[in-house]
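The values are calculated or read from the model by the stated rules, or taken from the named source; none is laboratory data. The structure presented is a predicted model; accordingly, all values stated were derived computationally and were not measured. Cβ placement follows ideal geometry from the backbone for every residue including glycine, while neighbour counts extend to all protein chains displayed. Protein only, heavy atoms only, side chains kept; ligands, DNA and RNA dropped before computing areas. Shrake-Rupley method; radii C 1.70, N 1.55, O 1.52, S 1.80 Å.
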Amino acid sequence: MKNQLNKEIIERYSRQIVLRDVGILGQKKILSSKVLIIGAGGLGSPVAEFLSRAGIGSLGIVDDDKVSLSNLHRQSLYNTADIGEFKVKIAKDKIKKINPNTKVIIYKIRLSNKNFEKIINDYDYIVDGSDNFKTKFLINDFCLKFKKVLVTGSISKFDGHIFTFNFKDKKIPCLKCFFQEANISDDLLNCESEGILGTVAGIVGTIQANEILKKILNIGTGLDGYIFILDLLHLNFRKVKLKKRKNCVCR
């Protein structure tokens, strides 16, 4: 199925196949790609939805949380009937309804040093939709070690940050070059205390999905070595170049 574009497959993806930068060859690349999403919340929901709609061949989703009422204003894969259910189970069911051709593998776990190493090499691209810096730094270190492409997102209030790291390139800085572990607090990512407008999560997650597709297709201008900062309250957007920090793990 992944290597054969039959009539149904061509019709499903016809609006993106017609794009000069995609075409039949590009669609085949998408169909054969494997993406791991860490966090099935405000960021992971739109990432999973739009990557499955684009035709990603294999989608892994990591999360050990259950759907709560307070999730529903920003986590687009879930509705009221899903409250109390595990997010990964509901996400898999919803994605299979969106695109039955996408293989969905779920991991009802909290990511750790031990279990991440068993998972990461099954995937080509990693999406970080986590909501705490311990997990973000763990993802950063493993993607650096195994030379993966990583797209990281973070949100708070009306703001979003997106990073892309292609760790096959040794010149690329890492997340720790921007956020220094000793000086960072999870309060920056805490939606409960800081608050978050639901649409901000959808916008940032959708951009993360877009960056993954660009990487798969090798098109456009990426964010390697940059942070993309969105102020959605005042509609200010800017790209800031990152530099490798002395004594960082990526040196």
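Accessible surface calculations at 1.4 Å, restricted to protein heavy atoms, place the chain at 51 Å² per residue. Placing +1 on the Cβ of every Lys and Arg and -1 on the Cβ of every Asp and Glu, with nothing else charged, gives segment 1-160 a dipole about its Cα centre of roughly 360 debye.
Listed by chain and number, the aspartates and glutamates placed with their C-alpha closer than 17 angstrom to that of Lys7 amount to none; residues fewer than eight positions away on the same chain are left out.
Karplus-derived 3J(HN,Hα) values for segment 104-120, using 6.51 cos²θ - 1.76 cosθ + 1.60 with θ = phi - 60°, are 10, 10, 10, 10, 7, 9, 9, 4, 8, 4, 6, 7, 5, 5, 6, 9, 4 Hz; glycine and proline are entered as x. With all protein chains in place and a 1.4 Å probe, the accessible surface of the chain carries 51 percent carbon and sulfur.
Can you classify segment 68-114 as rounded, prolate or oblate using the Cα gyration tensor, where a ≥ b ≥ c are the square roots of its eigenvalues, rounded means a/c under 1.5, and otherwise it's prolate if a/b beats b/c and oblate if not? Cα axes put segment 68-114 in the oblate bin. Residues whose amide H comes within less than 5 Å of that of Ile37, counting only those at least five positions distant or on another chain, are Gly60, Ile61, Val62, Val127 (H built at 1.01 Å from N in the peptide plane).
For a test of the definition: using alpha carbon positions, the gyration tensor, and the 1.5 limit on a/c, classify segment 105-251 as rounded, prolate or oblate. Rounded. Cross-link check: pairs Lys103/Lys170; Lys148/Lys241; Lys89/Lys145; Lys136/Lys239; Lys168/Lys239 evaluated at a Cα-Cα cut-off of 28 Å; pairs beyond the cut-off: Lys103/Lys170; Lys89/Lys145.
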